[in-house]
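This report refers to the structure that appears directly beneath it.
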Amino acid sequence: MTSPQITLQSVTGVDVELTIAGPGSRSYAFVIDWHIRLLIALGWAFGAVLVFTGGSLTPPVGSGRGYLLAVWAPALLIYFFYHPVLEIAMRGRTPGKRMAGVRVVTREGDIPGAGALLLRNVFRLLDSLPFLYLVGLATVVMTEQHVRVGDLAAGTLLVMDHDSSASSFTSSTAAKGGLTPQALDLIQELLDRWPTLDEHKRTTIARSLLARVEPQLSAEELAKLGALDLRSRLVAKLSPQ
Amino acid sequence: MTETAPSENARLQSWATSRVAAWADLGSILDGLERKRDHTVADALRAIELYRALGRDLSIVRRTLPASRMTRALAQSYARLHAVIYRKPHNWGEQLRRLFRDEIPQVVRELRTQIQLVTLLFALTAGAGWWLVGTYPELIGLIASDDMIDGVEQGRLWTEGILNVAPSSMISVSILANNITVSIFAFCLGVLFGLGTFYIIAMNGLMLGGIFAFTHQHGMAGELLKFVLAHGMVELSVICLAGAAGMMLGEALIRPRYPTRRESFQHAASKTSKLLLLCALLLVGCGFIEGYLSPDPSFPMVNRAIVGFGYWVVMIGALTGRLFGRKPA
């Protein structure tokens, strides 16, 4: 299934195409953000309790107002204002969205204004009903552009926002051996994912790739190569001539 | 992996090599342009030149290397630059002034009918609550807690001694949070074709009327009125305003004014959310009054009426824009 896209016209005549983030990317970003804000809020509360009570976790008697204002009010503010504040400050991104490779844009592809970002966050109250963001999740799954009610109200979309790393450009230009750009892409992709793949998978894929780009290598020779050798041979394919 | 002919492959590689220097710093240039707020003319010209160049490059790679990493990376950079170039100009001070002086009063004028209808619904349900609890006193159990009922039956209002339980600041914050939540619900639930909004408004009306009837039966309605007088006028008005905004959301879905329901809903939400911002600010004031003045038994009734009416006049001034320098039409 291909991801839905929106196409924006530009004065240059070259359209801007934005890939809309699906329920998976959205949920992934949300879960990361939820952990971050929960940890920061709890960290603040825990730290403030320790400072306030001088190392004990029991609230001192008669310290009601100061204790509540110093410990719980900031923790609640962090938890509830994490999304609106960071989305405005980071122009439609949050740490979770950045890690998941998504960002909020308007339907015209622009960076949303503070009003739109606040409005999409006000509707979290509705999207989070009745529990675990069920309303939001249902609308994301059911709508063509995978938007929750807050996005519908604010006129925003969540689009993919992968980092365009310099390696994407250099790998296609500085190779030796007359490899096609597609082959170079595959090698770069494998090297990028190398640390996240398990030993068996990465060596299998690397051998299969090397068998195509270095046909002079026999199957026995390839089988003898270890993970490090395979990797260095692939890196060499991307090295400048 | 041999889709591209060797000579074409070499040509492409040589072209990409000639362009890679221009693409090397794209990330940092785009970060800088996105972060900066006040771009100079030189920045703008540079961005436009880069936009044109990226557009050219992207059209070439889209044709020759579709679905490649290079195409994805260039498309990503092009989209980011597009967003920067098409970003609307902004001036926070002027925008805020325009919002409070012109835009919110305009929304209020458009919402006049909805405000009247929601206020009428609130008044009718409050009357119904009064009549129901007056006629069937046992119904108070549906809208008040056992502690509240026991207290009133023993001649003690639940608001008495509230300051001994928690400090004013905390009372203000918790009341503020609760009122804002009710207002946001009254607004957001308009998405259920207005029915959610009607439910929230009607329930609040029923509860208010029922509680007043119950306290009246025990000769304490005056005490309750004394408690709510200073903050209640604005607080209840704000809930009705939020309800009117929610009603507009429902109406946008039932009778769309734009080609699609989505567009209609989005326009209604974006317009009425401005009013919601003013409502939230007004509720901050209500929270302070309710936390500091209303529970204070030594604060005289006349002063409460002055504060309540005075704050209501401020609210009307804000809704009509007069408070922010708008001249009468």
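The values are calculated or read from the model by the stated rules, or taken from the named source; none is laboratory data. Quantities reported herein were computed from a predicted structural model and do not represent experimental measurements. No Cβ is skipped: glycine too gets one built from the backbone with ideal geometry, and neighbour counts run over all protein chains shown.
From the list B:323, B:277, pick out the single residue that is assigned to a helix (DSSP H, G or I), out of contact with any Pro (no Cβ under 7 Å at 6 or more places or on another chain) and within 13 Å of chain A (Cβ to nearest Cβ).
Residue meeting the stated conditions: B:277.
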>> Out of everything in the range B:51-102 that is facing chain A (nearest Cβ under 8 Å) and of a type in the set (Gly, Ala, Ser), what residue ends up being surrounded by the fewest Cβ atoms within 10 Å (Cβ to Cβ)?
In response: B:59
> In the range B:254-271, what residues are touching a residue at least 24 places away in the same chain (Cβ under 8 Å), within 11 Å of another protein chain (Cβ to nearest Cβ) and either in contact with a Ser or Thr (Cβ under 7 Å, 6 or more places away or on another chain) or more than 17 Å from residue A:126 (Cβ to Cβ) (or both)?
Replying inline: B:271
> Somewhere in the range B:288-295, is a residue assigned to a loop (DSSP other than H, G, I, E, B), touching a residue at least 40 places away in the same chain (Cβ under 8 Å), closer than 27 Å to residue B:224 by Cβ and in contact with a helix residue (DSSP H, G or I) (Cβ under 6 Å, 6 or more places away or on another chain)?
Replying inline: yes
> Can you tell me which residues in the range B:294-307 are within 17 Å of residue B:157 (Cα to Cα) and buried (at least 18 other Cβ atoms within 10 Å of the Cβ)?
Replying inline: B:294, B:295
> From the list A:125, A:137, A:119, which one is over 15 Å from residue B:189 (Cα atoms) and either among the acidic types (Asp, Glu) or assigned to a helix (DSSP H, G or I) (or both)?
Replying inline: A:137
> Could you count how many residues in the range B:176-224 are assigned to a helix (DSSP H, G or I) and within 14 Å of chain A (Cβ to nearest Cβ)?
Replying inline: 21
>> Scan the range B:117-138 and tell me whether some residue there is out of contact with any helix residue (DSSP H, G or I) (no Cβ under 8 Å at 6 or more places or on another chain) and of a type in the set (Asp, Glu).
In response: yes
> Which of the residues that make up the range A:28-63 are out of contact with any Gly (no Cβ under 6 Å at 6 or more places or on another chain), modelled with pLDDT of 80 or more and not aliphatic (A, V, I, L, M)?
Replying inline: A:28, A:30, A:34, A:35, A:37, A:43, A:44, A:46, A:47
>> Of the residues A:100, A:89, only one is aliphatic (A, V, I, L, M) and touching a helix residue (DSSP H, G or I) at 6+ places or on another chain (Cβ under 8 Å); which?
In response: A:100
> How many of the residues making up the range B:20-45 are more than 12 Å from every other protein chain (Cβ to nearest Cβ) and more than 24 Å from residue A:93 (Cα to Cα)?
Replying inline: 4
>> Taking the criterion of being modelled with pLDDT of 90 or more and more than 23 Å from residue A:161 (Cβ to Cβ), would at least one residue in the range B:1-8 satisfy it?
In response: no
> Since residue B:16 meets every condition but one in (1) more than 10 Å from chain A (Cβ to nearest Cβ); (2) over 25 Å from residue A:105 (Cα atoms), which condition does it not meet?
Replying inline: (1)
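Conditions (1) closer than 23 Å to residue B:184 by Cβ; (2) at pLDDT below 95; (3) more than 16 Å from the chain's Cα centre (by Cα), marked per residue:
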{"residue": "B:240", "(1), (2), (3)": "yes, no, no"}
{"residue": "B:252", "(1), (2), (3)": "yes, no, yes"}
{"residue": "B:257", "(1), (2), (3)": "no, yes, yes"}
{"residue": "B:261", "(1), (2), (3)": "yes, yes, yes"}
> Between residues in the range B:37-53 that are of a type in the set (Asp, Glu) and residues that are part of a helix (DSSP H, G or I) and surrounded by 14 or more Cβ atoms within 10 Å (Cβ to Cβ), which pairs lie under 6 Å by C-beta distance while being six or more apart or on different chains?
Replying inline: none
> With respect to the numbered conditions (1) among the hydroxyl-bearing types (Ser, Thr, Tyr); (2) crowded, with 17+ Cβ neighbours inside 10 Å; (3) closer than 29 Å to residue B:246 by Cβ, which one is the sole condition not fulfilled by residue B:168?
Replying inline: (3)
>> Test of understanding: among B:213, B:244, which residue is in contact with a Phe, Trp or Tyr (Cβ under 8 Å, 6 or more places away or on another chain), in contact (Cβ under 8 Å) with a residue 60 or more places away in the chain and under 23 Å from residue B:123 (Cα atoms)?
In response: B:213
>> Here is a check on your reading of the model: is residue A:237 in a helix (DSSP H, G or I), among the basic types (Lys, Arg) and free of Cβ contacts under 8 Å to residues at least 40 places away in the same chain?
In response: no
>> Is it the case, given these coordinates, that residue A:111 is touching a Leu at 6+ places or on another chain (Cβ under 7 Å), of a type outside the set (Lys, Arg) and either crowded, with 17+ Cβ neighbours inside 10 Å or over 20 Å from residue A:160 (Cα atoms) (or both)?
In response: no
